[in-house]
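Shown next, in structure tokens, is the structure this report addresses.
The values are calculated or read from the model by the stated rules, or taken from the named source; none is laboratory data. These numbers were taken from a predicted model, which means no experiment stands behind them. In this analysis, Cβ positions are derived from the backbone assuming ideal geometry, glycine residues included, and neighbour counts consider all displayed protein chains. Ligands, DNA and RNA are stripped out before the accessible areas are found, and what is left, the full protein with its side chains, is counted by its heavy atoms. Shrake-Rupley method; radii C 1.70, N 1.55, O 1.52, S 1.80 Å.
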Amino acid sequence: AELMSAIVDHGLGDHVCLIGEHDAPERILAAGDVIAVSSRTESFGLALIEGMLCGLSPASTAVGVAPDLLEGNRLAAPGDAAALAVALGVAASTKGPNYRSVAMAYSLERMHARYLAMYRLQSRTVS
């Protein structure tokens with residue numbers, strides 16, 4: 001209720017839709033244009049990867065994997081709302097490289113193959 005009140009109070013009712021839980025979030029993400037991650041901390045940044053895999057143009061705070069994937073003009077220091085607004089403007093106005101292909105390095109299939117290779121290598125060195 002508090003979030004909906006803030007949306008209405010700021011005149012964003014025509015621009016923000018709170019859909020709640022959904023069975024196929026990738027379909028909802030794919031309907032968008034931009035993925036914005038405003039986290040102060042992230043151990044990895046799965047939401048960023050998922051948005052990029054859905055073809056969204058990314059903007060993020062420089063946390064988790066974001067600095068490894070995005071150019072500087074799409075990154076903001078954690079807690080710097082003005083810098084994140086600039087990064088969002090860049091994401092909204094330019095497509096940049098094919099971020100879907102960038103994010104594919106972290107697809108389930110590729111990560112599974114990497115972990116399997118790492119475990120096999122480690123099992124050889126321990127034996």
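Brief remarks follow.
- Reported count of residues in region 61-78, each being touching a Ser or Thr at 6+ places or on another chain (Cβ under 8 Å) and over 16 Å from A105 (Cα atoms), is 7.
- Where S5 falls short, out of the listed (1) at pLDDT 90 or above; (2) in a helix (DSSP H, G or I); (3) surrounded by 11 or more Cβ atoms within 10 Å (Cβ to Cβ): (3)
- Annotation: L116 fulfils all but one of (1) hydrophobic (A, V, I, L, M, F, W, C); (2) in a loop (DSSP other than H, G, I, E, B); (3) exposed (fewer than 14 other Cβ atoms within 10 Å of the Cβ); the unmet one is (2).
- Test: residue in region 11-30 that is open to solvent by 30 Å² or more (accessible area, probe 1.4 Å), part of a strand (DSSP E or B) and in contact (Cβ under 8 Å) with a residue 24 or more places away in the chain: no
- Of the criteria (1) within 21 Å of I7 (Cβ to Cβ); (2) out of contact with any Leu (no Cβ under 6 Å at 6 or more places or on another chain); (3) free of Cβ contacts under 8 Å to residues at least 40 places away in the same chain; (4) open to solvent by less than 30 Å² (accessible area, probe 1.4 Å), which one V37 fails: (2)
- The lone exception for E71 - which of (1) under 24 Å from P25 (Cα atoms); (2) of a type outside the set (S, T, N, Q); (3) surrounded by fewer than 21 Cβ atoms within 10 Å (Cβ to Cβ) it fails: (1)
- Residue identified as polar (S, T, N, Q), at pLDDT below 85 and surrounded by 12 or more Cβ atoms within 10 Å (Cβ to Cβ) among S107, S101: S107
Rundown of residues vs (1) of a type in the set (V, I, T); (2) at positive phi, yes/no style:
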residue	(1), (2)
V8	yes, no
G20	no, yes
V34	yes, no
L53	no, no
G64	no, yes
E71	no, no
D80	no, no
A85	no, no
T94	yes, no
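- Here the condition is being open to solvent by less than 60 Å² (accessible area, probe 1.4 Å), out of contact with any helix residue (DSSP H, G or I) (no Cβ under 8 Å at 6 or more places or on another chain) and either at pLDDT 90 or above or in a strand (DSSP E or B) (or both); of G51, G89, G64, it holds for G89 alone.
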